[in-house]
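The values are calculated or read from the model by the stated rules, or taken from the named source; none is laboratory data. As the structure is a prediction and not an experimental result, all values here were calculated from the model. Don't worry about glycine lacking a Cβ; one is built from the backbone with ideal geometry, like all the others, and counts go over all protein chains shown.
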Amino acid sequence: MRKIQNRPDFTHESEIWSQGFNSVVGVDEVGRGSLSGPVVAGAVIIPRGFSDSWLRSVRDSKQLSANRRESIFSEIKDSGLLWSTGIVGNSRIDEIGILNATIEAMVIAITDLGTSPDFILIDAVEIDVPYLPSKSIIRGDQISVSIAAGSIVAKVTRDSLMIEYDQIYPEYGFANNKGYPTEFHRKQLAELGPCPIHRLSFAPVHDAVRGP
């Protein structure tokens, strides 16, 4: 088994730059395992030679505290880097399935960048964007700085949305669990049934609709 490095770096980006591709976008998603809310993809282009000191703090979003993620996201925005998000809601997830919804969110994030990258680095999944070569990297958010940055953009964006949903549906604890199947969330789901942002195609939600 390949040992994961301590922090992501530009190894994959450098290989791609050396092949003549100048603009490399890193893409990752957040929310595939949640029972409610959207799946969100983040896309970030870090130009060759960009070396702001905060880059050394970039990690897979799951390895960072909420405050650190928000701080890095602010750095991404303030530094002028191109970034974007793709958001696919729960109804669409129920319609096409979570994998297809994840791919759709990634494609939206890439196309909404405002410019066309030369190459796409993606965490784990395969996507097809016409005329754009791509590379899928297992655990890419732990290996590639660009993908890790995308994961941070996606995570901060989705967490903010789930906190907003918590104001509408406070009984499910979305501000704390972000829609993931915690013990409290499952308990409330079993007692109250789903709310309008739950994914009805997901087994725990589907079972709650059917009842005992």
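If you scan region 1-47, which residues turn out to be at pLDDT 95 or above and among the charged types (D, E, K, R)?
Residues satisfying the conditions are ASP9, GLU13, GLU15, ASP28, GLU29, ARG32.
I'm trying to understand the selection: among the residues of region 126-146, which are under 18 Å from GLY33 (Cβ atoms) and either in contact with a Leu (Cβ under 7 Å, 6 or more places away or on another chain) or among the basic types (Lys, Arg) (or both)?
Residues of region 126-146 that are under 18 Å from GLY33 (Cβ atoms), as a first pass: 138-142.
The answer is ARG139, GLY140.
Just need a number here: residues in region 182-209 that are aliphatic (A, V, I, L, M), farther than 16 Å from ILE168 by Cβ and assigned to a loop (DSSP other than H, G, I, E, B).
Counting residues in region 182-209 that are aliphatic (A, V, I, L, M), farther than 16 Å from ILE168 by Cβ and assigned to a loop (DSSP other than H, G, I, E, B) gives 1.
Of all residues in region 173-187, which are charged (D, E, K, R) and touching a helix residue (DSSP H, G or I) at 6+ places or on another chain (Cβ under 7 Å)?
LYS178, ARG186 - these are the residues of region 173-187 that are charged (D, E, K, R) and touching a helix residue (DSSP H, G or I) at 6+ places or on another chain (Cβ under 7 Å).
Is there a residue in region 171-185 that is at positive phi, buried (at least 21 other Cβ atoms within 10 Å of the Cβ) and not aromatic (Phe, Trp, Tyr)?
Yes, because at least one residue in region 171-185 is at positive phi, buried (at least 21 other Cβ atoms within 10 Å of the Cβ) and not aromatic (Phe, Trp, Tyr).
From the set of residues in region 14-50 that are free of Cβ contacts under 8 Å to residues at least 60 places away in the same chain and aromatic (Phe, Trp, Tyr), which is farthest from GLU126 (Cα to Cα)?
PHE50
Assess whether SER116 counts as being over 16 Å from GLY42 (Cβ atoms), touching a residue at least 12 places away in the same chain (Cβ under 8 Å) and not hydrophobic (A, V, I, L, M, F, W, C).
yes
If LYS135 passes every condition in (1) among the charged types (D, E, K, R); (2) within 16 Å of the chain's Cα centre (by Cα); (3) in a strand (DSSP E or B) but one, which one does it miss?
(2)
Evaluate the following for ALA124: is it surrounded by 24 or more Cβ atoms within 10 Å (Cβ to Cβ) and in contact with a helix residue (DSSP H, G or I) (Cβ under 9 Å, 6 or more places away or on another chain)?
no
Test of understanding: among ILE108, ILE127, ILE163, which residue is closer than 25 Å to VAL25 by Cβ, of a type in the set (A, V, I, L, M) and modelled with pLDDT of 95 or more?
ILE108
Report, by residue number, each residue of region 106-132 that is under 13 Å from the mean Cα position of the chain (by Cα) and more than 21 Å from TYR165 (Cβ to Cβ).
MET106, VAL107, ILE110, ILE122, ASP123, ALA124, VAL125
Condition first: touching a strand residue (DSSP E or B) at 6+ places or on another chain (Cβ under 9 Å) and either without any contact (Cβ under 8 Å) to a residue 40 or more places away in the chain or acidic (Asp, Glu) (or both). Now tell me which residues in region 1-13 satisfy that.
Hits for region 1-13 are ASP9, GLU13.
In region 69-93, which residue that is of a type outside the set (Val, Ile, Thr) and over 19 Å from ILE46 (Cα atoms) is surrounded by the most Cβ atoms within 10 Å (Cβ to Cβ)?
Result: ASN90.
Which ones in region 13-52 are more than 16 Å from ILE152 (Cβ to Cβ) and among the small types (Gly, Ala, Ser)?
Across region 13-52, the qualifying residues are SER14, SER18, GLY20, SER23, GLY33, SER34, SER36, GLY37, GLY49, SER51.
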